[in-house]
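> Questions regarding the structure given below will be posed in turn.
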C-alpha cells in the first residue's frame, strides 16, 4: 500500500495545479484597462450622476451633487458640463470638450476643461470601461487607473447594480474599495 499513496498525492497535486491554472486571472494593473466593445454616443448623451470616484485634486472642492451632462455636437465632439456643490453651498460649473479617439468603439475619448484663446491645452483620457446594457450606469477610467468614476442616470444604484459595478471594476483591474461615494441631496 505504501507506493500507492505517493501516486495518489501526485494525482491530487496535478489536479489542483490544473484547476489553479484554468482559473481566469485578474487584469494586470500594468496593462491598460479594457474598454467596452461599443458605446452608442447618442444613448450616452444626457445627464449622469456621479455615484463614486477615486479622489482627485481637480474635484476636491466638490462635496455633493456632482453630475455631468453630455451633448453631442454637429462636428461629432461632445460638450461636457460638470456640476457640483461646494462646501459653502455654491454650485461649481465646469465646461469642457470631449473628442472620440477610437471611432471603432467610441469607448475611448479625450476630454479637456482648459482652453486658452480657443485652443485646448490639456487632454485627459476618458475611457468607458463598463456600461449597463440599458445605459443606466457607466464606469469611466483611464489608462493608468489613477482616476475612475462610477456614473448613473439616477442618484443611487440598486443592490443588483452595485454588484455588477463592483464585479466589472475588479475585471478591469480596479479596486472597488478605492472609490469614495458621492453624496446627493436629491434636488438635482
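> Can we say residue 166 is modelled with pLDDT of 95 or more, touching a helix residue (DSSP H, G or I) at 6+ places or on another chain (Cβ under 6 Å) and not in a strand (DSSP E or B)? Let's see the steps before the verdict.
Details: modelled with pLDDT of 95 or more: yes; touching a helix residue (DSSP H, G or I) at 6+ places or on another chain (Cβ under 6 Å): yes; not in a strand (DSSP E or B): yes.
Taking the combined requirement at face value, the residue satisfies it.
A quick yes/no check of all residues on (1) part of a loop (DSSP other than H, G, I, E, B); (2) surrounded by fewer than 11 Cβ atoms within 10 Å (Cβ to Cβ); (3) in contact with a strand residue (DSSP E or B) (Cβ under 6 Å, 6 or more places away or on another chain); (4) modelled with pLDDT of 90 or more:
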residue	(1), (2), (3), (4)
21	no, yes, no, no
25	yes, yes, no, no
33	yes, no, yes, yes
49	no, no, yes, yes
65	no, no, yes, yes
69	no, no, yes, yes
84	no, no, yes, yes
89	yes, yes, no, yes
93	no, yes, yes, yes
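> Just the residues that are free of Cβ contacts under 8 Å to residues at least 40 places away in the same chain and in a loop (DSSP other than H, G, I, E, B), please, taken from the stretch 95-105.
Hits for the stretch 95-105 are 101, 103, 104.
> To continue, here is another question. So which residues in the stretch 75-90 are in contact (Cβ under 8 Å) with a residue 12 or more places away in the chain and more than 24 Å from the chain's Cα centre (by Cα)?
Passing the criteria: only 87.
The values are calculated or read from the model by the stated rules, or taken from the named source; none is laboratory data. Worth saying up front: this structure is predicted, and the values here are computed from it rather than measured. In this analysis, Cβ positions are derived from the backbone assuming ideal geometry, glycine residues included, and neighbour counts consider all displayed protein chains.
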